[in-house]
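Visitor: The structure is given below, and queries will be raised subsequently.
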Amino acid sequence: MISLKGITKVFKNRFGSFHALDNVDLSINKGEIFGIIGYSGAGKSTLVRMMNLLETPTSGDVSVGDTQLTQLPQSQLRKARRKIGMVFQHFNLLWSRTVADNVALPLEIAGVPKREHAQRVKELLELVGLADKADSYPSQLSGGQKQRVGIARALANQPDVLLCDEATSALDPKTTDSILELLKEINRKLGLTVVLITHEMHVIEKICDRVAVMESGRVIELGDVVDVFSRPKTTTTREFISQVTGAEQLEDEDLRQIGPGTLLRCTFLGESTNQAVISHLIRDLGVEVSIIQGQIKRLKEIAFGTLYIQVHGDLDVEAKAVAYLKKQGVNVEVLQSVEGGGAK
């Protein structure tokens, strides 16, 4: 549905140049909810603005559906953008217009006859749960209600794609969850492709099918949310995952305080979370095991857990313990070996 090929964006000022995006390739499937996560300055907001060409790439191609946006003249690009709705962090509502008039604004810009506005606006306000707020003004609404108006407005021209740039970061946790549930419902009912930009792993965990992790203008990790959670490949991804698992990333200072022994990070997925794997390890191998920390949650209806344990014994015991856990379907990473030192 969305294809980005070799996207580079260089911003220049009097102090020099800055690569906001560095040769990014990304494909987003039709009808999926796709998350892009990264810390401030990672390039994620610049990337999402490439998807409707609010930012023009220094180099690279952007396609949405069968349309190559980077090849369109301005007149055709404006028309193509009507099929790409966008939801903003700070709502961007017009305070002097009612809720209904805010939702109708894209229809006015697109030249839709005014007699057709009322029915479309009514349908959209019912969809987002604000049927009784049509005549209210933004100043009379809560933050969550304002964002619902923003979502309704983004849907006015019946887009194929909905881009959400930090759409929940200005909201409290309870309201965030309600907005995420609304986006999931819209995705299901309308078959929209939804792209979420965020710095909160909870957003990814809650509704996304796939996720791209960004750092310094590049995609450093990409895959199904369950796969990325269960087998993170980078430190940045592990840090984000710790936001929702409750199992903090152990730093070098933590490792030194734990003392000698083999420290393992065990990731459990699905049925393995319900099995007494550690108890069986102790019983079957006769090894001494200390549990350092961990937690089990549900991710996309699949049980997911992270557990830090320490196995006491020599290198032979370490190897047998790791092999045993892997045989039970547990993903194992050695953070500190019995020989001492940091992660292998």
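The values are calculated or read from the model by the stated rules, or taken from the named source; none is laboratory data. Since the structure is predicted, the reported quantities are computational estimates derived from the model, not experimental observations. Backbone-built Cβ (ideal geometry, glycine too); neighbour counts: all protein chains shown. Only protein heavy atoms, including side chains, enter the accessible area calculation; ligands, DNA and RNA are left aside. Shrake-Rupley method; radii C 1.70, N 1.55, O 1.52, S 1.80 Å.
Visitor: Against the condition buried (at least 16 other Cβ atoms within 10 Å of the Cβ), small (Gly, Ala, Ser) and under 21 Å from Asp25 (Cα atoms), how does Gly85 come out, does it pass? Break it down into steps so the answer makes sense when it comes.
Guide: Details: buried (at least 16 other Cβ atoms within 10 Å of the Cβ): yes; small (Gly, Ala, Ser): yes; under 21 Å from Asp25 (Cα atoms): no.
Here the answer is no, as Gly85 does not meet what is asked.
Visitor: Please go through segment 21-31 and pick out each residue that is exposed (fewer than 14 other Cβ atoms within 10 Å of the Cβ) and farther than 15 Å from Leu222 by Cβ.
Guide: The first filter runs over segment 21-31 and keeps only residues exposed (fewer than 14 other Cβ atoms within 10 Å of the Cβ), leaving 25, 27, 29-30.
Scanning segment 21-31 gives a single hit, Lys30.
Visitor: With the checklist (1) touching a Leu at 6+ places or on another chain (Cβ under 7 Å); (2) modelled with pLDDT of 85 or more in hand, flag the one item Leu255 doesn't pass.
Guide: Every condition holds for Leu255 apart from (2).
Visitor: Please specify each residue of segment 184-228 satisfying the condition of being of a type in the set (S, T, N, Q) and more than 30 Å from Leu124 (Cα to Cα).
Guide: From segment 184-228, those of a type in the set (S, T, N, Q) are 187, 193, 198, 216; that's our starting set.
Passing the criteria: only Ser216.
Visitor: Output the qualifying pairs, or none if there are none: Cβ atoms under 9 angstrom, residues six or more apart or on different chains, first residue in segment 38-58 and under 17 Å from Glu200 (Cα atoms) and open to solvent by 10 Å² or more (accessible area, probe 1.4 Å), second residue of a type in the set (A, V, I, L, M, F, W, C) and part of a helix (DSSP H, G or I).
Guide: Tyr39/Phe240
Visitor: Does Val322 satisfy the criteria of being modelled with pLDDT of 90 or more and either of a type in the set (A, V, I, L, M, F, W, C) or under 30 Å from His202 (Cα atoms) (or both)?
Guide: Considered against the rule, which asks whether it is modelled with pLDDT of 90 or more and either of a type in the set (A, V, I, L, M, F, W, C) or under 30 Å from His202 (Cα atoms) (or both), Val322 comes out as yes.
Visitor: Something else now. Can you tell me which residue among Ala118, Ala80 is closer than 14 Å to Gln158 by Cα and either modelled with pLDDT of 95 or more or in a helix (DSSP H, G or I) (or both)? Before the answer, list the steps.
Guide: Details: Ala118 fails: closer than 14 Å to Gln158 by Cα.
Answer to the check: Ala80.
Visitor: Next question, about the same structure. Do any helices (runs of 4 or more DSSP H) lying entirely in segment 127-238 carry at least 2 residues that are at pLDDT 90 or above, and which ones are they? Walk me through how you get there before you give the answer.
Guide: On the way: elements: 143-154, 173-190, 201-207, 225-230.
Where helices (runs of 4 or more DSSP H) fall fully within segment 127-238 and carry at least 2 residues being at pLDDT 90 or above, they are 143-154, 173-190, 201-207.
Visitor: Can you tell me which residue among Ser216, Ser242, Ser230, Ser169 is among the small types (Gly, Ala, Ser) and in contact with a strand residue (DSSP E or B) (Cβ under 6 Å, 6 or more places away or on another chain)? Steps first, please.
Guide: Details: Ser216 fails: in contact with a strand residue (DSSP E or B) (Cβ under 6 Å, 6 or more places away or on another chain); Ser242 fails: in contact with a strand residue (DSSP E or B) (Cβ under 6 Å, 6 or more places away or on another chain); Ser169 fails: in contact with a strand residue (DSSP E or B) (Cβ under 6 Å, 6 or more places away or on another chain).
Matching residue, one of Ser216, Ser242, Ser230, Ser169: Ser230.
Visitor: Check segment 68-78 and report whether any residue there is among the small types (Gly, Ala, Ser), surrounded by fewer than 14 Cβ atoms within 10 Å (Cβ to Cβ) and touching a residue at least 24 places away in the same chain (Cβ under 8 Å).
Guide: So in segment 68-78, the residues among the small types (Gly, Ala, Ser) come out as 75.
Subset that is surrounded by fewer than 14 Cβ atoms within 10 Å (Cβ to Cβ): 75.
When the remaining residues are screened for being touching a residue at least 24 places away in the same chain (Cβ under 8 Å), the result is none.
Checked segment 68-78: no residue is among the small types (Gly, Ala, Ser), surrounded by fewer than 14 Cβ atoms within 10 Å (Cβ to Cβ) and touching a residue at least 24 places away in the same chain (Cβ under 8 Å).
Visitor: Can you name the condition, by its number, that Glu301 falls short on among (1) modelled with pLDDT under 75; (2) over 33 Å from the mean Cα position of the chain (by Cα); (3) on the phi > 0 side of the Ramachandran plot?
Guide: Result: Glu301 fails condition (2) only.
Visitor: Quick check on segment 182-194. Is at least one of its residues hydrophobic (A, V, I, L, M, F, W, C), open to solvent by 20 Å² or more (accessible area, probe 1.4 Å) and within 26 Å of Leu155 (Cα to Cα)? It would help to see each step written out before you state the result.
Guide: Pass one, segment 182-194, residues hydrophobic (A, V, I, L, M, F, W, C): 182-183, 186, 190, 192, 194.
Pick out the ones that are also open to solvent by 20 Å² or more (accessible area, probe 1.4 Å) and you get 190.
Narrowing further to those that are within 26 Å of Leu155 (Cα to Cα): 190.
Scanning segment 182-194 turns up at least one residue that is hydrophobic (A, V, I, L, M, F, W, C), open to solvent by 20 Å² or more (accessible area, probe 1.4 Å) and within 26 Å of Leu155 (Cα to Cα).
Visitor: Filter segment 304-321 down to the residues that are open to solvent by less than 40 Å² (accessible area, probe 1.4 Å) and either touching a helix residue (DSSP H, G or I) at 6+ places or on another chain (Cβ under 6 Å) or not in a helix (DSSP H, G or I) (or both) and list them by number. If you could, list the steps in order and put the result at the bottom.
Guide: So in segment 304-321, the residues open to solvent by less than 40 Å² (accessible area, probe 1.4 Å) come out as 304-311, 313, 317-318, 321.
Residues satisfying the conditions are Phe304, Gly305, Thr306, Leu307, Tyr308, Ile309, Gln310, Val311, Gly313.
Visitor: May I ask you to list the residues in segment 113-140 that are touching a residue at least 40 places away in the same chain (Cβ under 8 Å) and open to solvent by 20 Å² or more (accessible area, probe 1.4 Å)? Lay out the reasoning, then the answer.
Guide: Quick first cut of segment 113-140, residues touching a residue at least 40 places away in the same chain (Cβ under 8 Å) only: 127-129, 137-139.
Matches in segment 113-140: Leu127, Gly129, Tyr137, Ser139.
Visitor: Pairs under 6 Å by beta carbon, first residue over 17 Å from Glu239 (Cα atoms) in segment 193-218, partner in a strand (DSSP E or B) and among the basic types (Lys, Arg), six or more apart or different chains?
Guide: none
Visitor: Another question, if that's okay. For the condition of a type in the set (A, V, I, L, M, F, W, C), outside any helix (DSSP H, G or I) and either open to solvent by less than 40 Å² (accessible area, probe 1.4 Å) or under 28 Å from Val226 (Cβ atoms) (or both), what is the one hit in Phe34, Phe18, Phe11?
Guide: Values: Phe18 fails: either open to solvent by less than 40 Å² (accessible area, probe 1.4 Å) or under 28 Å from Val226 (Cβ atoms) (or both); Phe11 fails: either open to solvent by less than 40 Å² (accessible area, probe 1.4 Å) or under 28 Å from Val226 (Cβ atoms) (or both).
Residue meeting the stated conditions: Phe34.
Visitor: Among the residues of segment 169-178, is there at least one that is within 27 Å of Gly111 (Cβ to Cβ), within 18 Å of the chain's Cα centre (by Cα) and touching a residue at least 12 places away in the same chain (Cβ under 8 Å)? Steps first, please.
Guide: From segment 169-178, those within 27 Å of Gly111 (Cβ to Cβ) are none; that's our starting set.
The answer is no, given that none of the residues of segment 169-178 is within 27 Å of Gly111 (Cβ to Cβ), within 18 Å of the chain's Cα centre (by Cα) and touching a residue at least 12 places away in the same chain (Cβ under 8 Å).
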